[in-house]
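Asker: Attaching a single structure in structure tokens format; questions to follow.
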Amino acid sequence: MTNKTKNIALLVGFLLALVLSYQLAISKTVALKKEFNLLKKQEVLFENTPKQISLLKQKQKYYDSLLTKYQMAGSSLQNNLLKTINAFADSSHIKVVSFLEPHSIVKDDLKINTYQFVLEGHYNAILKLIHKLEQDTRFGEITNLHFEKKKNFRTGKYYLQARVLLKSFG
């Protein structure tokens, strides 16, 4: 056997030893290290569980107090919204022309309801109602407010209509 064939055999033997050591030891060590890191992360999460439960209970109490403060408990959001609009409309001489069923979409496990209603009355009174809906009651956000001046052809008088889109989450 010549030196050249010995060197080739030595090189092939070394490569074979590398492959075998990777298959038998190194790959298992790498897999166990990944599993160890994953378990360490889970351990950190489980250590914080009592604190998280406490925080969640405090948040629940806070949100329940908000719901009672803004009168959203009991019946549906649609009924509460209509009740609020009607109460304000009676006191400020606004007429609720229509109140349509909500349009619902589910996007990324979040239900989005869009309520459409039409109001008729004076500009300032309608703006006060819109401000009340967005700021005081927290029903959602006004996504569209379209004013339109119309004429009653029987009486010859003009009146103002506002079409409102209110978007709420949940």
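The values are calculated or read from the model by the stated rules, or taken from the named source; none is laboratory data. Quantities reported herein were computed from a predicted structural model and do not represent experimental measurements. FYI the Cβ positions are ideal-geometry reconstructions off the backbone, even for glycines, and counts take in every protein chain you see. Calculation scope for accessible area: heavy atoms of the full protein, side chains included, ligands and nucleic acids excluded. Shrake-Rupley method; radii C 1.70, N 1.55, O 1.52, S 1.80 Å.
Asker: Rounded, prolate or oblate: which fits the range 85-125, taking a ≥ b ≥ c as square roots of the Cα gyration tensor eigenvalues, rounded meaning a/c under 1.5, else prolate when a/b beats b/c?
Answerer: prolate
Asker: How much mean residue ellipticity at 222 nm does the chain get from its helices, if each DSSP H run of length 4 or more adds -39500 (n - 2.57) and you divide by all residues, to the nearest 500 deg cm²/dmol?
Answerer: Taken over the chain, the calculation gives -17000 deg cm²/dmol.
Asker: Summing +1 for each Lys or Arg and -1 for each Asp or Glu, what net charge is found among the other residues whose Cβ lies under 12 Å from the Cβ of Thr143?
Answerer: So the environment of Thr143 carries a net charge of 0.
Asker: While we're here: Kindly state, to the nearest 0.05, the FRET efficiency for Gln23 paired with Glu47, given R0 = 45 Å and r defined as their beta-carbon distance.
Answerer: 0.75
Asker: Whenever you get a sec, compute what percent of the accessible area on the chain sits on carbon and sulfur atoms (1.4 Å probe).
Answerer: Within the chain, the accessible surface is 59 percent carbon and sulfur.
Asker: Put +1 on the Cβ of each Lys and Arg and -1 on the Cβ of each Asp and Glu in the chain; which of Ser21, Leu119, Leu55 then has its Cα farthest toward the positive end of the dipole?
Answerer: Looking along the dipole axis, the top candidate is Ser21.
Asker: What is the helix-to-structure angle for 77-92, meaning the angle in degrees between its Cα long axis and the longest Cα principal axis of the chain, kept from 0 to 90 and rounded to the nearest 10?
Answerer: Tilt relative to the chain: about 30 degrees.
Asker: Between 0 and 90 degrees, rounded to the nearest ten: what's the tilt of helix 3-21 against the longest Cα principal axis of the chain?
Answerer: For helix 3-21, the angle is close to 40 degrees.
Asker: May I ask for the percentage of alpha-carbon pairs in the range 1-148 that lie more than 26 Å from each other?
Answerer: Considering the range 1-148, 60 percent of its Cα-Cα pairs are separated by more than 26 Å.
Asker: Also: State the three equivalent ellipsoid semi-axes of the range 1-83, derived from the C-alpha gyration tensor as the square roots of 5 times its eigenvalues, in descending order and whole Å.
Answerer: 70, 16, 7
Asker: About the Cα centre of the chain, what is the dipole size in debye to 20, counting +1 per Lys and Arg Cβ and -1 per Asp and Glu Cβ, all else neutral? It would help to have the intermediate numbers written out before the result.
Answerer: Values: 26 positive and 13 negative charges, 63 e Å.
So the dipole magnitude of the chain works out to roughly 300 debye.
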